[in-house]
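The structure appears below as structure tokens.
The values are calculated or read from the model by the stated rules, or taken from the named source; none is laboratory data. Because the structure is a prediction, the values reported are computed rather than measured. Methodologically, a virtual Cβ is constructed for each residue, glycine included, from the backbone with ideal geometry; neighbour enumeration extends over all protein chains shown.
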Amino acid sequence: MKIRVPAVLLVALAFSGCANTPDEEGWRSSQKKEFLEILKEDRYASICEHQPLYKKVKQTENSRLMSKLLVEYTENLANGCIDLKKFREVQAAKKKRKIESHYDLYLQKVDSTQILAQIKAGQTIENILKPYIPATDQFPKLLKAYHAVKDKERVTPEQLYTIRLNIERTKIMRPDLGEDYALVNIPEFKVRIRKGEETVLKSAVIVGQKNLQTPVFAEPMQYITLNPQWGVPDSIARNEIIPHVLKDPAYLARNNMVIRRDYNLNSKNVALNDVNLAAYRGGRGAVPFKFIEKPSERNVLGRIKFIFPNSHAVYMHDTQAKSLFQRKVRTFSHGCVRVEKPNEMLIYIASNFTNETPESIMKKYESLKTHHISLKKRMMVHTAYMTSYVDQNGTVLMFNDIYGFDRDQVLNF
């Protein structure tokens with residue numbers, strides 16, 4: 001007995017089979033449709049300089065061109081649309097002008113062969129792009145804000161460009177953001193302790209001077225130092241401490257400082273008469289003896305240091321100069337980050353990331369002796385440069401470009 005299948009059903013079955021059949025480049029119609037939808041709204045702000053290619057893909061749906069655009073789109077999502085070659089040249093020029101400016105770029109490798117294999121394996125476009133989406137919640141928040149305000153009359157082209165530039169900055173942040181992390185937003189002069197998407201603590205900060213900038217980078221916090229000594233960096237010794245001592249030999253005693261051959265406070269004392277201070281005044285380079293300010297309630301670093309070892313030799317710390325927090329623009333440090341509420345940060349981090357209790361940590365704090373407390377749980381520290389930032393209420397905050405990165409980082413459009 002023969003069964004007659006309605007023609008309409010045959011067409012539907014054939015269409016269903018074609019939808020899941022890859023073409024010569026490995027693309028399925030469902031993948032093409034998904035990618036075109038992503039491109040139409042530029043969901044991840046990553047078409048950038050590839051608008052001409054996008055127009056061809058939109059017109060022709062050519063699979064080979066679509067493969068090329070997917071790789072380029074992924075590259076821009078992973079590593080941003082800032083002209084990094086020009087930016088590196090600008091940074092090198094600053095160095096020649098003796099401006100300390102460091103902006104670490106966390107670039108991801110995009111393997112075109114892998115992406116094309118994923119297409120042929122039938123993976124969704126969202127699944128292919130997912131590993132390269134910035135981890136910080138500022139990425140989707142800034143994207144949402146950008147699309148919400150770009151057609152409003154009150155928003156200037158400069159403001160719109162700034163928001164877009166900061167979207168790109170989230171792409172070059174270190175990708176392993178961490179569930180628990182500290183985010184220092186340099187132009188905002190603020191640090192936030194974050195747990196997931198929640199801000200659990202917030203404090204004003206002081207950052208580096210315009211010629212001694214706080215670097216942009218990320219590293220995990222490893223330990224806290226209570227009642228620290230201050231090992232004076234050679235650059236500060238040459239240009240600040242030595243000139244003071246040459247004018248006034250009592251300067252060291254008055255500032256609770258001693259001289260040693262290295263930064264070990266317990267090593268042999270070096271007498272002032274045994275070193276040729278004048279030979280090391282000004283300039284750059286290593287100094288064969290070290291100035292150390294001993295721990296005290298008046299120590300320039302205050303009573304607390306939060307250490308996240310890095311190549312820039314910067315950290316967060318307490319400060320004696322509390323009055324500077326009343327200033328609107330707080331670019332006063334040599335690159336380190338001074339925290340207005342170090343004790344609150346100490347109690348929170350000690351209670352949640354070390355084996356200490358609030359009582360035990362404060363006992364060590366009050367001892368005026370140096371203690372090093374290791375973190376037992378991972379906590380990242382990210383110093384970021386966000387001149388636009390979306391707060392927890394969804395408000396777009398805009399900040400002054402204190403180091404000139406808005407000018408120095410040019411978008412590829």
Which listed residue, of 237, 271, 278, 250, is in contact with a helix residue (DSSP H, G or I) (Cβ under 9 Å, 6 or more places away or on another chain) and loosely packed, with under 12 Cβ neighbours inside 10 Å
278
Boolean, residue 356 is at pLDDT 95 or above and within 27 Å of residue 99 (Cβ to Cβ):
no
Look at residue 172 and say whether it is buried (at least 20 other Cβ atoms within 10 Å of the Cβ) and either farther than 26 Å from residue 401 by Cα or in contact with a Ser or Thr (Cβ under 7 Å, 6 or more places away or on another chain) (or both).
no
Could you check how many residues of segment 368-394 are over 18 Å from the mean Cα position of the chain (by Cα), modelled with pLDDT of 95 or more and part of a loop (DSSP other than H, G, I, E, B)?
3
Would you point out the residue of segment 299-342, among those that are among the basic types (Lys, Arg) and farther than 18 Å from residue 380 by Cα, that is surrounded by the fewest Cβ atoms within 10 Å (Cβ to Cβ)?
328
Residue satisfying condition, being on the phi < 0 side of the Ramachandran plot, assigned by TED's automatic domain parsing to the domain that holds residue 23 and loosely packed, with under 14 Cβ neighbours inside 10 Å, within set 109, 94:
109
Of all residues in segment 281-298, count the ones that are modelled with pLDDT of 90 or more, under 15 Å from residue 321 (Cβ atoms) and exposed (fewer than 12 other Cβ atoms within 10 Å of the Cβ).
0
Test of understanding: among 242, 224, 206, 236, which residue is touching a Phe, Trp or Tyr at 6+ places or on another chain (Cβ under 7 Å) and closer than 20 Å to residue 286 by Cβ?
242
With the structure loaded, tell me whether residue 127 is closer than 17 Å to residue 48 by Cα and either outside the structural domain of residue 380 (by TED's automatic domain parsing) or at pLDDT below 95 (or both) or whether it fails that test.
no
Give me the pairs: first residue in segment 69-83 and hydroxyl-bearing (Ser, Thr, Tyr), second residue crowded, with 21+ Cβ neighbours inside 10 Å, beta-carbon distance under 6 Å, and six or more apart or on different chains, which are they?
73/46
Just checking, does segment 378-388 include any residue being touching a residue at least 60 places away in the same chain (Cβ under 8 Å), out of contact with any Leu (no Cβ under 9 Å at 6 or more places or on another chain) and either exposed (fewer than 15 other Cβ atoms within 10 Å of the Cβ) or of a type in the set (Lys, Arg) (or both)?
yes
Tell me, yes or no, whether segment 138-157 has at least one residue that is small (Gly, Ala, Ser), in contact with a helix residue (DSSP H, G or I) (Cβ under 7 Å, 6 or more places away or on another chain) and either touching a residue at least 60 places away in the same chain (Cβ under 8 Å) or buried (at least 22 other Cβ atoms within 10 Å of the Cβ) (or both).
yes
Residue that is within 19 Å of residue 412 (Cβ to Cβ) and either in contact with a Lys or Arg (Cβ under 6 Å, 6 or more places away or on another chain) or surrounded by fewer than 17 Cβ atoms within 10 Å (Cβ to Cβ) (or both), where the choices are 130, 56, 120, 33:
56
